[in-house]
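These notes are about the structure you will find just below.
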Amino acid sequence: ADSNWKDGVVGSYATIEFNTEAFDVGDNFASSTFTAPVTGKYFLHTSVGVSQLDTDATYYSLKLVTAGSATKNYFSILDPNFAADTGAGLPMHLFQITSVAHMEAADTALVQFLQSGGTAQSDIAGHSLELYTWFTGYLLG
């Protein structure tokens with residue numbers, strides 16, 4: 001999925017907008033949110049490529065949120081103690097989260113990103129051919 005997040009707000013989580021779909025069996029993904037069609041265990045995975053990381057940021061955090069009857073937050077965190085800011089273009093860090101989550105019918109899952117501190121300069125890498133950023137969700141049973 002292609003993503004759109006440029007120079008997000010520093011200090012608060014912003015939902016990542018996945019603005020293309022490779023496929024959506026059952027039409028369970030809309031407005032950057034996956035909605036469980038039935039109760040069960042779901043495999044959820046997201047990868048988010050980020051470039052232009054700011055060394056003045058306190059940390060970066062990717063959060064996979066499942067909301068509804070069993071709300072849970074899953075995290076991937078980076079403390080950017082680099083010698084210099086990373087460059088534009090290709091992602092300089094790939095955040096990934098994988099989980100198996102119990103979801104009731106109509107529970108939702110979405111992906112959020114946070115930069116704590118520093119300058120708002122980081123980019124989420126989104127491209128239709130070079131997939132650095134995506135979300136996958138499917139029913140295991």
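Each value in this text was obtained by applying a stated rule to the coordinates, not by laboratory testing. Remember, it's a predicted structure, so these values are computed and weren't measured experimentally.
With a cut-off of 8 Å between alpha carbons and a minimum separation of six or more residues, what is the relative contact order of the chain in percent? Value for the chain: 42 percent.
Scale the Cα Rg of the chain by the rule-of-thumb value 2.2 N^0.38 Å and send over the ratio, two decimals. Write down the numbers at each step before the final one.
Numbers: Rg = 15.2 Å, N = 141, 2.2 N^0.38 = 14.4 Å.
Rounded to two decimals, the normalised Rg is 1.05.
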